[in-house]
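In what follows, a single structure is set out as structure tokens and then discussed.
The values are calculated or read from the model by the stated rules, or taken from the named source; none is laboratory data. Since the structure is predicted, the reported quantities are computational estimates derived from the model, not experimental observations. FYI the Cβ positions are ideal-geometry reconstructions off the backbone, even for glycines, and counts take in every protein chain you see. Just the protein is used for accessible areas: all its heavy atoms, side chains included, with ligands, DNA and RNA removed. Shrake-Rupley method; radii C 1.70, N 1.55, O 1.52, S 1.80 Å.
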Amino acid sequence: MGQSTSTAAISSRREINHSNRPKSKSTALICPMQPLEDNDDNEIIDGGDPDYISELPDECLACIFQSLNSGERKRCSLVCHRWFRVEGQSRHRLSLNAQSELYPLIDSLFSRFDSVTKLALKCDRRSASICDDALVQISRKCRNLTRLKLRACRELTDAGMDAFAKNCKGLKKLSCGSCTFGAKGMNAVLENCSSLEELSVKRLRGITDGATAEPIGPGAAASSLKTICLKELYNGQCFGPLITGAKNLKTLKLYRCSGDWDKLLQSVTEHVTSLIEIHLERLQVSDVGLLAISNCSDLEILHLVKTPECTNNGLLSLSERCKHLRKLHIDGWKANRIGDEGLIAVSKNCGNLQELVLIGVNPTKQSLESLATNCKNLERLALCGSDTVGDPEISCIAAKCIALKKLCIKSCPVSNQGLEALANGCPSLVKVKLKKCRAVTMEGAEWLKNNRESLAVNLDNGETEQQDASASDGAQENGGAAEFLPPAVPSQMAAAAAAAVAANNMARSTSRSSSMKWRLGLLSGRSFVACTLRRWSSANSNGRGS
């Protein structure tokens, strides 16, 4: 705070910690740490000029700690006794390596971190996890817990979950994956945690298969539940009573759960009509299920991913009653059962559509023109793996989609000629992403950028070799990808220069890691579109909020 002596003392200690400590992972086994020796609890240095930091109230110091990441907070806690105490008392989120060795450390850990409300317990699948006794001990120390995440805690049983639920009745969010407790443990949570709002269950091994499976729910939490997410469950339909009893449910996500879901969806939508968001992925569901979903007249977001039994007829029935649909994602899995007929029905009935993602679907100029004409608010469009989307279709989009801001095209027979149409169309367009469109060249993307300077163009032609560095002065290249950004204003140029200096200093240590991350990015498949759309949506939400 303006005193060089104090700043130098703190900096030197940070440098010592950086040089002598290995880089910690985000989820680590946190052990009780001892602060550095101090003669006075309120002073960082001895003698010299006054230390103004020691005059800060604990509340201000806690606010500063809240802006730091986990590693920085750990280092700060070693500065002095006061910082050690304030950092522990102000930490509300904690992630622990939930191996069996954690048990003897629980008392000391939660005596220090006595304000934790969000806790993650994650164990390596090859290691023994904490047992019931450890979870019960944690629940006694953290009675104000509102969020709990359990990963691969295979030693936990129904009895442990029952005791935990009775001690942490204020729990609002529970996420468990690869655990072995069963229906009794889940029912105990639902019965005791009446404020539960979000439930996410993945690969719960303790649920019995077949007709002997014990039903789960509804319990006291049914009235407060707003989000239910089920992933990779052999007998996920035993959650039927819970879903049906959750009268205020807003979001339902079902991923890769076995069994026929048509009948259950019919039962759910007869009792729960408040659903706003539904995700169905790799699920045995047909047009009967889509017809049932159409009872949710307030539905705004629908994801149909790899559900080959869903056809144009089901989409037609749904669109006629769900007229508030804003986001529609369809992965047709190349089944050709959803096409022009279903998309035209959506365009005529869902005029508020803002985001459309089509993967493995073959729309033609007819359906794209209908979407562009009727959906005046369409801002985000992604077309991936379509054999029918070529230059004429892109020209149609350019001429008709007045509100379109973001366009993503992947693995479609589009060429430079289609890019020429974008140069003069879509007046609101701010970003174009092209991936694995073989007929689109670097020169074509550069031409589009030069003719429309406000447009950000991202091209990835799928090649792994580095392109010629002279392709464009304004291109940022990474393997087969190049991004052409709008010209920067002076303040942006100054910020970019500072970032370049920082990047230069870190290049040697991060080049290998960055290269590996980029290679993994090329293999991400559908996640390319998902990540792009999430960024677009969050950016637009932030823009509206400001």
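Shown is the FRET efficiency for Arg125 and Gln89, computed with R0 = 30 Å from the Cβ-Cβ distance and rounded to the nearest 0.05: 0.35. Taking a ≥ b ≥ c as the square roots of the Cα gyration tensor eigenvalues, with a/c under 1.5 meaning rounded and otherwise prolate when a/b beats b/c, else oblate, which class fits segment 182-277? Oblate, since a/c reaches 1.5 and b/c is not below a/b.
Subtracting the Cα-Cα distance of Glu270 and Glu453 from 0.36 nm times their residue separation leaves 60.6 nm of extension gain.
Residues in segment 83-89 carry Karplus couplings, in order, of 4, 4, 5, 5, 4, x, 6 Hz; the curve used is 6.51 cos²θ - 1.76 cosθ + 1.60 with θ = phi - 60°, and Gly or Pro positions show x.
Compared with the direct C-alpha span, the chain from Ala159 to Leu105 gains 17.2 nm at full extension, assuming 0.36 nm per residue. Heavy-atom accessible surface of Phe239, to the nearest 10 Å², is about 0 Å², with a 1.4 Å probe and all protein chains retained. Per residue, the solvent-accessible area of segment 377-460 (1.4 Å probe, heavy atoms of protein chains only, all protein chains present) comes to 36 Å². Summarising the label geometry, the points placed 7 Å from Cα in the beta-carbon direction at Lys334 and Thr208 lie 4.3 nm from one another.
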